[in-house]
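Colleague: One structure, pasted below without further comment.
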């Protein structure tokens, strides 16, 4: 089969590989549509995961099942399915402890394009099919379905990690596709105000649609100065970090009330240390909590989030700013995500109608 692979750090291209084999609990799928993620860019061009040779990229898609193992109960060839970016081993001790995304080791629930071939191929392998796949609701088109792989569950997990409650004042740092889904999730949880940090006009327009009430631009001064000005010097209750880098935590701590919580779902692709300001962290005793987590995967998560979209409670169509048709546009979409033109939110490649 053909797959689009990372050849080494900074180089990618189409290669030929053997088609994956199906174990008794597993499934083989073919993509119906695929989406490019910023983490593909971190992996390929920044070497954030280290060197990878001939590893097929991609972890966002929806798919059709082509084969299932002998012990798979709930899926069959021909089923159209949602595929989470994180596919844990559900019989692991880590999953039993409540951290399925780390089954087999830290971040090891993230298999696609990490240590296993990803979904930018004619066929791909899904471990523990009954635990990781979900039926694709008929009301959800294949482009929107790709957003349920990673963007929706990651953005929502940031809000979970920040423990957003009704009436909270929430700051969302970064309003790319993940941040936009954090805005949507904070609104669904009943936040009173949602302050969004971003500059691109199309992202600001989408954030307004999702419930953002105020906006901050880094071009107008530091984040913390603007947040404190908007909150009469008090700071915000909760913060979701969905963009930036290791220095973003400095601004976040300075913007947070004592007793507040930060949920980080941003992939820190470079830098050696996260910077925490000592005094503003209450010299270590300010009860300013930082929670960083990889999104949960699995079937139940996909079914619940899919139900929100199918019921019309969550419109993910605003995320797909560039939609292409055919594998021949995959590299174009990948480079588009790397270069991030001003009108980009998310590129998707459709492989079927």
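The values are calculated or read from the model by the stated rules, or taken from the named source; none is laboratory data. None of these values were measured; they are calculated from a predicted model. Quick reminder, even Gly has a Cβ in these numbers, built from the backbone with ideal geometry, and neighbours come from all protein chains shown.
Colleague: Does residue 237 satisfy being within 18 Å of residue 157 (Cα to Cα) and not assigned by TED's automatic domain parsing to the domain that holds residue 62?
Modeller: Answer is yes for this residue.
Colleague: Please go through the range 115-141 and give me each residue that is surrounded by fewer than 20 Cβ atoms within 10 Å (Cβ to Cβ) and in contact with a strand residue (DSSP E or B) (Cβ under 7 Å, 6 or more places away or on another chain), ordered by number.
Modeller: Answer for the range 115-141, where residues must be surrounded by fewer than 20 Cβ atoms within 10 Å (Cβ to Cβ) and in contact with a strand residue (DSSP E or B) (Cβ under 7 Å, 6 or more places away or on another chain): 122, 135.
Colleague: A follow-up question, please. If a residue must be free of Cβ contacts under 8 Å to residues at least 40 places away in the same chain and touching a strand residue (DSSP E or B) at 6+ places or on another chain (Cβ under 9 Å), how many such residues does the range 329-340 contain?
Modeller: 2
Colleague: Follow-up question, since we're still on this one. Out of all the residues in the range 271-286, is one or more under 19 Å from residue 157 (Cα atoms), surrounded by 14 or more Cβ atoms within 10 Å (Cβ to Cβ) and free of Cβ contacts under 8 Å to residues at least 40 places away in the same chain?
Modeller: Among the residues of the range 271-286, not one is under 19 Å from residue 157 (Cα atoms), surrounded by 14 or more Cβ atoms within 10 Å (Cβ to Cβ) and free of Cβ contacts under 8 Å to residues at least 40 places away in the same chain, which makes the answer no.
Colleague: Does any residue of the range 303-325 turn out to be touching a strand residue (DSSP E or B) at 6+ places or on another chain (Cβ under 7 Å) and part of a loop (DSSP other than H, G, I, E, B)? It would help to see each step written out before you state the result.
Modeller: Of the range 303-325, the ones touching a strand residue (DSSP E or B) at 6+ places or on another chain (Cβ under 7 Å) are 303, 306, 320, 322-325.
Adding the requirement that they be part of a loop (DSSP other than H, G, I, E, B) leaves 320.
Checked against the condition, which is being touching a strand residue (DSSP E or B) at 6+ places or on another chain (Cβ under 7 Å) and part of a loop (DSSP other than H, G, I, E, B), the range 303-325 yields at least one hit.
Colleague: In this structure, does residue 98 turn out to be surrounded by fewer than 24 Cβ atoms within 10 Å (Cβ to Cβ), outside the structural domain of residue 20 (by TED's automatic domain parsing) and part of a loop (DSSP other than H, G, I, E, B)?
Modeller: The answer is no for residue 98.
Colleague: Tell me yes or no: at least one residue of the range 83-92 is assigned by TED's automatic domain parsing to the domain that holds residue 115, more than 25 Å from residue 148 (Cβ to Cβ) and in a loop (DSSP other than H, G, I, E, B).
Modeller: no
Colleague: Let me ask something additional. Please verify whether residue 20 is out of contact with any helix residue (DSSP H, G or I) (no Cβ under 8 Å at 6 or more places or on another chain), surrounded by 18 or more Cβ atoms within 10 Å (Cβ to Cβ) and part of a loop (DSSP other than H, G, I, E, B), treating the condition exactly as stated.
Modeller: Here the answer is yes, as residue 20 does meet what is asked.
Residues checked against (1) assigned to a loop (DSSP other than H, G, I, E, B); (2) outside the structural domain of residue 49 (by TED's automatic domain parsing); (3) within 21 Å of residue 314 (Cβ to Cβ):
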site: 172; (1), (2), (3): no, yes, yes
site: 204; (1), (2), (3): no, yes, yes
site: 209; (1), (2), (3): no, yes, yes
site: 228; (1), (2), (3): no, yes, no
site: 246; (1), (2), (3): yes, yes, no
site: 250; (1), (2), (3): no, yes, no
site: 268; (1), (2), (3): yes, yes, no
site: 274; (1), (2), (3): yes, yes, no
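Colleague: I'd like to check something: does the range 65-72 contain any residue that is closer than 16 Å to residue 301 by Cβ and under 24 Å from the mean Cα position of the chain (by Cα)?
Modeller: The answer is no; no qualifying residue exists.
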